[in-house]
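For reference, the structure discussed in these notes is given below.
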């Protein structure tokens with residue numbers, strides 16, 4: 001086996017794995033706080049990519065693309081706040097008995113709505129913003145500049161997210177609500193506000209992935225579908241609700257897909273991820289870092 | 001006596017009502033109502049929805065052409081009814097059935113993805129409503145000898161033959177083929193391998209079949225790069241085709257190693273927007289080049305299309321236009337809008353289209369059953385942002401307008 005080639009496959013898997021993780025962290029963050037699965041996560045990814053495209057092409061110019069990333073996140077964060085206030089809050093305040101079902105129906109409806117809205121606004125075309133960076137070499141490894149930027153950007157965003165969650169008051173409040181809603185409420189945390197912020201932050205992470213990957217996977221109304229599927233796969237591998245699990249799960253899935261698709265066949269690329277998922281669940285039913293829920 | 005007269009009056013009234021109802025329900029609408037032609041095309045992912053949009057544009061302009069030129073069967077107009085197949089066989093079958101049973105179309109045109117078309121073929125035979133495939137290329141479509149299925153697009157074996165002759169001329173020995181796992185992709189891959197043997201070509205083929213909808217091709221492209229390919233054949237459709245080019249460029253594989261696209265997506269307006277510099281030097285199969293001669297129908301279409309959409313038409317739209325005008329001529333030749341009569345007329349008649357005045361669909365042998373093939377060429381872009389009309393035809397020899405340029409030497 002050629003070691004250079006093997007290291008190239010390995011690096012390709014690492015890059016894609018870290019990028020998958022960003023999506024998965026957003027999904028698991030929303031789940032851990034609100035105990036709901038956001039099925040429209042891919043559409044927030046898609047909106048992030050459209051906002052980035054519009055900013056880079058019409059406002060900022062190709063050289064200032066990096067300013068587009070936080071702006072895209074901000075736009076989607078604000079959109080997330082509005083969506084949460086209007087559509088998700090009734091889940092907790094409206095006396096809805098089957099909260100899971102409500103969340104599933106409402107987020108799937110959002111998914112369909114956003115896809116069609118963007119098909120209507122931007123047409124069914126694919127768009128691609130200008131490259132963030134030219135192709136480069138790390139040692140002897142040829143690397144796509146755009147992927148490298150997405151890789152580094154993801155690490156920065158995940159590190160910032162980790163610091164906020166671990167070291168700030170708001171992060172502590174997020175963790176408290178994630179551990180026990182009632183307990184956090186009795187300690188004076190306004191859980192409704194935390195829900196709103198948590199949803200906004202979660203979808204902003206998806207938007208960051210969309211904005212970072214816009215020149216890699218292009219911009220079109222359904223570009224979030226694959227990322228959402230991978231994101232769900234990762235959170236189950238890593239353990240639902242675990243941020244560390246999302247990172248490890250993302251890396252593992254990226255590696256498995258990259259290596260198996262070369263050594264066996266790319267026709268079954270999605271099968272490899274699901275096989276890994278089945279094996280891990282058979283050995284550890286809660287995933288790598290899954291914890292049992294703490295109940296009051 | 002009075003009773004008898006009353007019964008007679010009632011009898012006459014009933015007879016008048018029955019005759020009038022029969023006239024209004026059956027005879028009158030048929031005489032004056034529009035004739036519906038269905039368009040079944042991918043208008044949403046995972047299908048190539050841009051192609052679907054172009055098919056619809058072509059068909060709508062065809063209806064305009066026919067209606068402005070007197071309609072069919074003494075003045076009846078043509079109405080286009082559109083259904084989305086999403087590029088998936090199950091939606092395609094449901095769409096075909098809806099067009100035939102609910103919308104009462106007399107023929108269906110369109111079809112871009114071979115897998116969808118193949119799923120519909122037996123259903124078309126069952127319902128007996130003709131289907132004219134405008135851009136589905138799998139050999140099995142016509143090889144199946146379906147009574148109601150016709151095609152006016154290049155078949156895979158002809159495409160494979162063209163690029164193998166090109167490879168032979170270029171003296172390339174190591175050919176990597178990236179093909180999607182559909183009837184189109186796998187069919188084309190198999191045809192290429194079989195035909196290379198048949199032609200006695202001493203080439204090595206590295207085939208990689210990928211799942212449609214794959215977003216990351218980097219590991220496969222690295223593999224091809226390490227193998228030392230002389231040519232990469234890109235048998236991706238829609239987004240996948242673009243991603244293969246982008247990712248091959250990013251790892252330094254293309255354009256150092258030339259790439260040949262299996263169909264004409266580079267002629268679409270969004271090609272340069274999506275790829276910029278990365279799209280330069282692309283070689284691709286095409287079925288239409290602006291240097292080619294158009295018929296009067298083709299000239300009318302080109303002018304109307306440019307007026308309406310402010311961009312030049314491409315093959316996908318041209319061929320959908322051609323299919324609808326061919327159906328209209330078949331209705332006229334049959335003297336009836338009955339689907340069985342249209343099928344008979346299609347088999348025996350000669351029709352005018354955008355690129356030929358002698359389109360026929362005879363019951364030919366093997367894959368040439370109900371088949372009409374347009375000419376095919378290989379074109380290459382040589383400048384970023386180049387307009388299609390200035391891109392040279394590089395193969396076949398008898399049609400070429402320029403030489404192949406290899407930036408990798």
Picked from the range B:167-182 (must be assigned to a loop (DSSP other than H, G, I, E, B) and in contact with a strand residue (DSSP E or B) (Cβ under 6 Å, 6 or more places away or on another chain)), the residue farthest from residue B:361 (Cα to Cα) is B:172
Filter the range B:251-270 down to residues that are within 14 Å of another protein chain (Cβ to nearest Cβ) and farther than 19 Å from residue B:135 by Cα, then give me how many there are. 8
Of all residues in the range A:214-248, count the ones that are in contact with a strand residue (DSSP E or B) (Cβ under 7 Å, 6 or more places away or on another chain) and more than 14 Å from chain B (Cβ to nearest Cβ). 0
So for the range B:66-82 (the condition being crowded, with 23+ Cβ neighbours inside 10 Å, more than 14 Å from chain A (Cβ to nearest Cβ) and under 19 Å from the mean Cα position of the chain (by Cα)), does at least one residue qualify? no
Anything in the range B:191-250 that is more than 12 Å from chain A (Cβ to nearest Cβ) and at pLDDT below 90? List them, or say none. B:237
Could you please let me know if residue A:46 is more than 14 Å from chain B (Cβ to nearest Cβ), outside any loop (DSSP other than H, G, I, E, B) and under 18 Å from residue A:201 (Cα atoms)? no
Give A:261, A:267 a once-over and let me know the one that is buried (at least 23 other Cβ atoms within 10 Å of the Cβ), within 14 Å of chain B (Cβ to nearest Cβ) and over 25 Å from residue A:208 (Cβ atoms). A:261
Suppose we filter B:323, B:328 for residues that are under 26 Å from residue B:187 (Cα atoms) and either assigned to a loop (DSSP other than H, G, I, E, B) or in contact with a strand residue (DSSP E or B) (Cβ under 6 Å, 6 or more places away or on another chain) (or both); which single one remains? B:323
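In the set A:74, A:22, which member is away from chain B (no Cβ under 14 Å) and touching a helix residue (DSSP H, G or I) at 6+ places or on another chain (Cβ under 6 Å)?
Every option except A:22 fails the conditions.
Taking the stated definitions as given, is residue A:211 under 26 Å from residue A:103 (Cβ atoms), modelled with pLDDT of 85 or more and either away from every other protein chain (no Cβ under 14 Å) or outside any helix (DSSP H, G or I) (or both)?
Numbers: under 26 Å from residue A:103 (Cβ atoms): yes; modelled with pLDDT of 85 or more: yes; either away from every other protein chain (no Cβ under 14 Å) or outside any helix (DSSP H, G or I) (or both): yes.
Against the criterion (under 26 Å from residue A:103 (Cβ atoms), modelled with pLDDT of 85 or more and either away from every other protein chain (no Cβ under 14 Å) or outside any helix (DSSP H, G or I) (or both)), residue A:211 qualifies.
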Would you tally the residues in the range B:359-383 being closer than 23 Å to residue B:145 by Cβ and part of a loop (DSSP other than H, G, I, E, B)? 9
Residue B:161 - would you say it is touching a helix residue (DSSP H, G or I) at 6+ places or on another chain (Cβ under 8 Å), under 18 Å from residue B:283 (Cβ atoms), facing chain A (nearest Cβ under 8 Å) and without any contact (Cβ under 8 Å) to a residue 40 or more places away in the chain? no
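The values are calculated or read from the model by the stated rules, or taken from the named source; none is laboratory data. All figures in this text were calculated on a predicted structure; none of them were measured in a lab. Cβ atoms come from the backbone with ideal geometry, glycine included; neighbour counts cover every protein chain shown.
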